[in-house]
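As structure tokens, the structure follows; a few thoughts come after it.
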Amino acid sequence: MHRNSISRFQFSTAWAGVLVLFLASFAAAQPARVAISDQQSLVTEFEVNGLKVLFKRRPGSMTVAAGLFFRGGTRVLPKDSAGLESFTLTVAAEGSRKYPRAVLRRDLAGTGSTISAGSNYDYSLMALASTREHFERNWDIFTDIALNPAFDPRDVDLTRSKILSGLQGRDDDPDSQLQGLTDRTILFPSAYGSDPNGTIESISRYKAEDLRAYHAKLMETSRMLLVIVGDLEPNSVRSAVSASFGKLPKGNFQLPPVPKLDFEKPTLDIQRRDLPTNYVNGLYAAPSPSDPDFAAMRVATNLLRERVFEEVRVKRNLSYAPNADMGSLAANTGSIYVTAVDANQAVSLMLDEIEDLKTTLVDPREISAVGGHFLTTFLIGQETNGAQARDLAIYELIGGGWRNSFNFVESVQRVTPVQVRDAARKYMRNIRFVVVGDPQKIDRAKFIRQ
């Protein structure tokens with residue numbers, strides 16, 4: 001079964017669910033597209049009592065997306081507080097004293113709107129997806145939920161049960177087991193020290209007062225970023241934000257340094273499991289979205305993906321869906337992934353393709369095709385207000401500023417063959433492999449030959 005390893009690598013299951021909900025909401029009924037070069041002018045940036053706000057107006061849009069982001073994510077939590085931020089925000093989204101669970105569910109369902117929450121390694125999120133018609137009412141619900149959550153013990157217990165169910169079953173399928181092994185090998189030894197979802201022990205331990213106390217720490221504007229996308233008047237947005245968040249303390253939140261991941265040498269870790277095939281994930285360092293090498297590395301990754309698919313699947317039928325991918329964490333990684341009976345041959349072919357990228361200049365027409373792919377992907381992704389809010393937030397939080405979200409496609413189109421080669425040489429090395437399968441069928445020398 002194919003799995004996008006980096007997507008799973010970066011986003012917890014709960015977080016992925018939040019994003020899917022956030023991005024997929026109201027995909028229809030969007031206005032005509034605006035040229036990328038013109039979209040930046042639609043964004044208004046302002047500050048309310050230390051809270052940075054990005055508002056993008058989309059004339060004609062029938063929906064509104066709002067995301068309240070909290071800087072830091074897992075990297076600001078000590079290991080003994082694993083999952084506390086995600087648990088806190090998820091329970092908070094269940095209701096407040098003014099809008100207890102039943103009232104919240106009824107009101108949101110009646111307007112086709114949603115509120116959700118989650119965390120990843122670099123930031124956390126509470127999100128609102130609302131119809132434009134009911135936005136004022138839903139904004140009141142959303143802000144009250146964010147600022148005054150009830151932390152009702154029944155909501156705490158229900159949310160705990162859901163999280164524990166997910167944690168207890170995460171090794172049931174080989175892909176999840178491989179992801180867990182990847183996390184323990186690459187991420188957890190760094191400042192990304194724990195699963196955003198927490199552990200069975202930590203989630204079982206937290207009480208309502210723990211969540212309430214942590215929520216109080218989150219409520220400082222120096223830690224927050226608010227992004228809103230929809231057809232609203234900028235002045236009305238500013239007034240609404242001021243009325244809701246204007247009295248929060250600013251605080252003095254300082255983001256800790258970007259974690260340093262260890263890619264000093266190639267490694268291989270194997271977890272035994274009786275399976276028909278071996279599941280393989282190989283990670284290497286990659287530039288973050290704020291790095292000047294990011295565009296060239298994205299092109300190199302896309303070319304590698306196409307080549308390993310051609311060599312491993314099309315020509316030799318060794319695997320159904322070999323893959324190469326790249327994430328968007330502050331401490332970023334690229335990866336190659338494959339499931340195969342003959343994992344040694346599959347991995348050898350993938351490493352050969354990496355070596356070719358390092359030694360042979362690619363045809364500029366290949367780069368042009370990749371640029372076209374990213375342009376199409378960008379335009380498709382921009383069809384929802386949730387996706388636009390997400391892009392603005394990611395680039396603002398870890399990508400060097402929200403304006404870079406509009407420059408990415410152009411940056412890709414300017415990438416040269418030499419830059420692709422140099423990116424492959426610089427980053428696609430010292431690959432750290434993790435394998436779930438039969439150790440007797442894995443030739444260590446083939447994996448760490450780089």
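The values are calculated or read from the model by the stated rules, or taken from the named source; none is laboratory data. Quantities reported herein were computed from a predicted structural model and do not represent experimental measurements. Here the Cβ is made from the backbone with ideal geometry for all residues, glycine too, and neighbour counts use every protein chain on show. The accessibility values were calculated without ligands, DNA or RNA, using every heavy atom of the protein model including side chains. Shrake-Rupley method; radii C 1.70, N 1.55, O 1.52, S 1.80 Å.
Here are some notes:
- Tabulated pairs, region 322-336, first more than 18 Å from residue 175 (Cα to Cα) and small (Gly, Ala, Ser), second assigned to a strand (DSSP E or B) and modelled with pLDDT of 95 or more, C-beta under 9 angstrom, 6+ apart or interchain: 331/285
- Screening residue 244 on (1) over 28 Å from residue 443 (Cα atoms); (2) touching a residue at least 40 places away in the same chain (Cβ under 8 Å); (3) in a loop (DSSP other than H, G, I, E, B) shows it passes everything except condition (3).
- Filtering region 339-378 to residues that are of a type in the set (A, V, I, L, M), open to solvent by 50 Å² or more (accessible area, probe 1.4 Å), part of a helix (DSSP H, G or I) and touching a residue at least 24 places away in the same chain (Cβ under 8 Å) leaves only 375.
- When region 167-192 is filtered for residues that are in contact with a Pro (Cβ under 9 Å, 6 or more places away or on another chain) and modelled with pLDDT under 90, only 191 remains.
- Among the residues listed as 354, 336, the single one being closer than 16 Å to residue 447 by Cβ, at pLDDT 95 or above and within 21 Å of the chain's Cα centre (by Cα): 336
- Residue that is surrounded by the fewest Cβ atoms within 10 Å (Cβ to Cβ), among those in region 204-242 that are hydrophobic (A, V, I, L, M, F, W, C) and farther than 23 Å from residue 71 by Cβ: 208
- All conditions in (1) within 27 Å of residue 355 (Cα to Cα); (2) within 21 Å of the chain's Cα centre (by Cα) hold for residue 377, with the sole exception of (1).
- Summed over region 408-447, residues that are among the charged types (D, E, K, R), farther than 30 Å from residue 344 by Cβ and over 23 Å from the mean Cα position of the chain (by Cα) total 1.
- Residues being closer than 30 Å to residue 317 by Cα and touching an Asp or Glu at 6+ places or on another chain (Cβ under 9 Å) - total across region 238-276: 5
- Filtered residues of region 121-150 (kept if open to solvent by less than 40 Å² (accessible area, probe 1.4 Å), of a type in the set (S, T, N, Q) and in contact with a Ser or Thr (Cβ under 6 Å, 6 or more places away or on another chain)): 130, 131, 138, 143
- Boolean, residue 405 is among the small types (Gly, Ala, Ser), open to solvent by 20 Å² or more (accessible area, probe 1.4 Å) and under 24 Å from the mean Cα position of the chain (by Cα): no
- Scanning region 151-181 for residues that are among the acidic types (Asp, Glu), surrounded by fewer than 16 Cβ atoms within 10 Å (Cβ to Cβ) and in a helix (DSSP H, G or I) returns a single hit, 157.
- Taken over region 392-447, the criterion of being among the aliphatic types (A, V, I, L, M) and not in a helix (DSSP H, G or I) is satisfied by 415, 428, 431, 434, 435, 436, 442.
- Residue in region 83-101 that is part of a helix (DSSP H, G or I), in contact with a helix residue (DSSP H, G or I) (Cβ under 7 Å, 6 or more places away or on another chain) and farther than 25 Å from residue 251 by Cβ present: yes
- Across region 249-267, the qualifying residues are those that are under 22 Å from residue 332 (Cβ atoms) and hydrophobic (A, V, I, L, M, F, W, C), and the one among them that is surrounded by the most Cβ atoms within 10 Å (Cβ to Cβ) is 261.
- A single entry from 58, 105 fulfils the requirement of being farther than 29 Å from residue 255 by Cβ, open to solvent by 10 Å² or more (accessible area, probe 1.4 Å) and in contact (Cβ under 8 Å) with a residue 12 or more places away in the chain: 58.
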